[in-house]
Amino acid sequence: MNTEAIVSYLPLYKEAFVLTIKIGWLGIALAFAIGIVSAFILYFNIPVLSKVIKAYVELFRNTPLLVQLFFIYFGLPKMGIDISSQVCGCLGLGLLGGSYMAETFRSGLCAIANTQIESATALGMSKSQIFIHIILPQAFTISITALIANVIFLLKETSVFSAISLMDLMFTAKDLIGLYYNTTECLLLLVLFYILMLLPVSFLGNLIEKKVRFGIFGD
Amino acid sequence: MEDILKIEHLHKAFDGFTVLEDVNLTVKKGEVTVVIGPSGCGKSTFLRCINGLEDIQDGRVLLHDEVINPNKKDLRSTHEKIGMVFQSYDLFPHKTIIDNVALAPIKVQKRKKEDVYKEASELLDRVGLLAKKDSFPRQLSGGQKQRVAIVRALIMHPEILLFDEVTAALDPEMVREVLEVILSLAKEGRTMLIVTHEMDFAKAVADRILFMDGGHIVEEGSPEEFFENTKTDRAKRFLDSFKYK
Amino acid sequence: MNAFFEKLGFDVLLKGNNMLRLLQGLGVALRISVISVVISIVLGIILGVLMAQKNKVINVIAKIYLEIVRIMPQMVLLFIVYFGITKVLGINMEAEKASIIVFTFWGTAEMSDLVRGSLISIPKTQYESSEALGFTKSQMYMYVIIPQTIRRLIPLSINLITRMIKTTSLVMMIGIVEVLKVGQQIIEANRKTSPNAAFGIFATVFLLYFIACWPISQLSKYLERRWEN
């Protein structure tokens, strides 16, 4: 094990780590936004729009991120839509994640028992009051496990960013292996930084899941 | 006593299948009416038509001479005046007991928070559940949840209360605690319409018994008349089904 | 019409056997997925049943294994196996073999979790009443437990197939010539005559993946809904 090499690579990895996290979480934030809006459109079955959203969700859930990124990054510029690799990474992750989040939120909303809506109606609550006070909080709780799984899935998906020459962790590892052949050291650092990126989320996810499951509903 | 609720020629069908046919009923203020009948006779649907949870095909439901069904508009004020308690309690699982009770008066009736919480505490105390006010529904037994559901309806100050088989989902030993709450409400002179399978309870609480079968009111009378001097064969057969020989 | 096609870069598809080459590229991806899925399902069922037995040692090992798969991107695993193992063991591994190893490693974990999940979702009373009826353990699994789990499991494993197909797009990163790589080669070769080929080719690849995955995920959804009741 070449510790000297590891020390000298560290700053490069750190930089790549920061970039990966930044684009990754921005993409995830975008995914949440797209997902929530899409889920509402699907839940309320808004004409025309809900058809469009359905097509979008199916299209992006059934294709790999890598292919989506290639299309956005290499294909779209030919039609005059030119975006930087960072924006592309963020947008791609947001669109992919949005389709997953939409499904998750929608099934959470639909999981609320009809009797809940009826008993709120019998109390005189309006449709919007029922949605805000009864359906939404319960749907969020039901969805939380799947939402966390989505976040972890999306953070892992950031590993394909290097394909659109974004200087992320994978790019850095591949670059350094090519340059210096310190394969073991480079891969070790790669694994360590991914653990650093995902283990806290996984751990926190488990914690939130337990808290929400057994805390809010009291058990 | 004045008439509160009037149901005239009510007709209800699901996909062409008639569930209620030409049902007529007048409920006076302070009267406790108990509806009994075999499963599937339409008695639950009847209650749901009264507060507009189901649309109706013909006839009308009037509250104080004001048509509430069929009339999609402004059902919210109707819902405030008609309280309903369901078989499956349907407390909101994400809210504490007291928040379950306080949500509708605060959001729907826009009453002052402190007043609502004060009244909620008093009502919970009355049904013996003040100690549970900060618990979540999942921590309560079925009987306790149903008592909370009754309080949740009471706090809206409804003019009439509908009970839809509120003890049907309960373990036998919990039935009593719920029925006692309803009995005490009857003694207060509240107007109630109760669907139940508990015959002894029906006898004790009712001013009037309605026997429904096949979407019709088949027999009607005071508890004494109905249970001691059953007139129709159908009602006799129904009452016999509760006896073991 | 032709000019419009050219503008969108779809004309390249009709040149030579380009479309066929793309399809062959997709075939490579599908081959890798099918092999990995089949092995994953077999190993996953075995591991899942073992995990449901509540043996402490097995469960600790399985938990670590599942957590590794849960947080490590498949891309990183591919690099470790393809570059790392080759380097450490001094053997030269074909990229396709490396990718099958990685996808199986990942798929087995996913599958075992699904199997364990559906096994423990069977109510305890089902086990107890089979025991009370005098079934042996193997009879109990054979006639009572497995028939009930299988209905939950089939849609989920079908879903795993689509996820596997999507994941195989990664293999181009370790040099396997699959559909994306073929696409790049075609774009490169026709750079002068079809400058807009990148749009047409990648749009086509996008659609090809969709056509490969969508029917399978629809089937999974359909079965899930049908068997729910």
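Observations
- Only residues that are without any contact (Cβ under 8 Å) to a residue 60 or more places away in the chain and away from chain A (no Cβ under 14 Å) were counted across the range C:143-166, and they come to 9.
- Of the residues examined, residue C:22 is one that is of a type in the set (A, V, I, L, M), assigned to a helix (DSSP H, G or I) and open to solvent by less than 10 Å² (accessible area, probe 1.4 Å).
- When A:154, A:190 are checked against the criterion of being open to solvent by less than 50 Å² (accessible area, probe 1.4 Å), in a helix (DSSP H, G or I), facing chain C (nearest Cβ under 8 Å) and touching a helix residue (DSSP H, G or I) at 6+ places or on another chain (Cβ under 6 Å), a single residue qualifies: A:190.
- Criterion (open to solvent by 30 Å² or more (accessible area, probe 1.4 Å) and either over 16 Å from residue C:114 (Cα atoms) or in a helix (DSSP H, G or I) (or both)) met by exactly one of C:68, C:32: C:68
- Top-ranked residue in the range B:7-37 [being at pLDDT below 90 and not in a strand (DSSP E or B); ranked as least open to solvent (accessible area, probe 1.4 Å)]: B:16
- Test result for residue C:92, of a type in the set (S, T, N, Q) and open to solvent by 70 Å² or more (accessible area, probe 1.4 Å): yes
- Qualifying position, being open to solvent by 20 Å² or more (accessible area, probe 1.4 Å), within 12 Å of another protein chain (Cβ to nearest Cβ) and either more than 30 Å from residue B:9 (Cβ to Cβ) or modelled with pLDDT of 90 or more (or both), among B:109, B:144: B:109
- If the condition is being free of Cβ contacts under 8 Å to residues at least 24 places away in the same chain, assigned to a helix (DSSP H, G or I) and among the charged types (D, E, K, R), then the range C:92-142 contributes C:97, C:124, C:128, C:131, C:137.
- Selection within the range A:157-182 - open to solvent by 10 Å² or more (accessible area, probe 1.4 Å) and within 7 Å of chain C (Cβ to nearest Cβ): A:163, A:177
- Where residue B:98 falls short, out of the listed (1) in contact with an Asp or Glu (Cβ under 6 Å, 6 or more places away or on another chain); (2) surrounded by 15 or more Cβ atoms within 10 Å (Cβ to Cβ): (1)
- The range C:79-118, subset basic (Lys, Arg) and more than 15 Å from residue C:31 (Cα to Cα), residue nearest to the chain's Cα centre (by Cα): C:116
- Among residues of the range A:1-13 that are more than 16 Å from residue A:168 (Cβ to Cβ), those with a beta-carbon under 8 Å from a residue that is open to solvent by 100 Å² or more (accessible area, probe 1.4 Å) and in a helix (DSSP H, G or I) at least six positions away or on a different chain give the pairs A:5/A:180.
- Output for the range B:75-106, where each listed residue is more than 7 Å from chain A (Cβ to nearest Cβ), under 21 Å from the mean Cα position of the chain (by Cα) and assigned to a loop (DSSP other than H, G, I, E, B): B:87, B:89, B:91
- In the set (1) surrounded by fewer than 18 Cβ atoms within 10 Å (Cβ to Cβ); (2) within 25 Å of residue A:55 (Cα to Cα), the condition left unmet by residue C:179 is number (1).
- Extreme residue, surrounded by the fewest Cβ atoms within 10 Å (Cβ to Cβ), among residues of the range C:182-229 that are more than 11 Å from chain A (Cβ to nearest Cβ) and charged (D, E, K, R): C:192
The values are calculated or read from the model by the stated rules, or taken from the named source; none is laboratory data. Since the model is a prediction, treat every value here as computed from it, not as a measurement. Neighbour counts are summed over all protein chains in view; Cβ atoms, including those assigned to glycine, are modelled from backbone coordinates with ideal geometry. Heads up: the accessible areas ignore ligands, DNA and RNA and are worked out on the full protein's heavy atoms, side chains in. Shrake-Rupley method; radii C 1.70, N 1.55, O 1.52, S 1.80 Å.
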